[in-house]
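What follows is one structure encoded as structure tokens, with my remarks underneath.
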Amino acid sequence: MLLLVTAQCLNWVFYPVVLYSSIGDYLSMAKPSPKYAGDSVLVSLGKTIRSLRVERKISQEGLAYGADIDRSYMGGIERGEHNIAVINLKKIAVQLDLKISELFEKAGL
């Protein structure tokens with residue numbers, strides 16, 4: 001069971017913070033892909049997402065919240081640890097005001 005608590009961030013924008021009610025909730029979090037973590041395609045895509053996010057002055061938490069993706073999972077995406085699903089790429093691209101094809105182009109893919 002998850003508890004949601006509101007946390008105040010800069011500029012008076014509010015984001016939910018997820019508190020884990022048990023160690024089982026924590027252990028069920030996404031882990032880096034054992035097969036694909038560190039793959040050059042994922043690393044390039046992650047670095048591009050991070051640089052675009054920073055360029056647009058969006059926090060990692062803000063991007064994750066807007067894309068409806070867990071913040072820790074977003075961190076893993078930016079580090080090239082997750083073989084991300086197309087639907088999540090679409091959500092991230094929308095938050096960055098890009099098409100998926102533009103995101104791939106900027107990543108050199």
Conditions (1) modelled with pLDDT of 95 or more; (2) outside any helix (DSSP H, G or I); number of the one not met by THR48: (2)
Do you know which residues across the range 61-84 are closer than 19 Å to GLY38 by Cα and of a type in the set (Phe, Trp, Tyr)? TYR73
Where residues in the range 69-84 are in a loop (DSSP other than H, G, I, E, B) and under 8 Å from the mean Cα position of the chain (by Cα), which of them is surrounded by the most Cβ atoms within 10 Å (Cβ to Cβ)? ILE69
I'd like the full set of residues that are hydrophobic (A, V, I, L, M, F, W, C) and touching a residue at least 40 places away in the same chain (Cβ under 8 Å), limited to the range 65-88. ILE84
Identify, from the list ILE87, ILE58, the residue that is over 18 Å from GLY38 (Cβ atoms), among the β-branched types (Val, Ile, Thr), out of contact with any strand residue (DSSP E or B) (no Cβ under 8 Å at 6 or more places or on another chain) and in a loop (DSSP other than H, G, I, E, B). ILE58
Residue count for the range 92-108, restricted to those that are in a helix (DSSP H, G or I), surrounded by fewer than 19 Cβ atoms within 10 Å (Cβ to Cβ) and touching a residue at least 24 places away in the same chain (Cβ under 8 Å): 3
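The values are calculated or read from the model by the stated rules, or taken from the named source; none is laboratory data. Every value quoted in this text rests on a predicted model; they were computed, and no experiment measured them. Here Cβ is always computed from backbone atoms with ideal geometry, including for glycine, and neighbour counts include all displayed protein chains.
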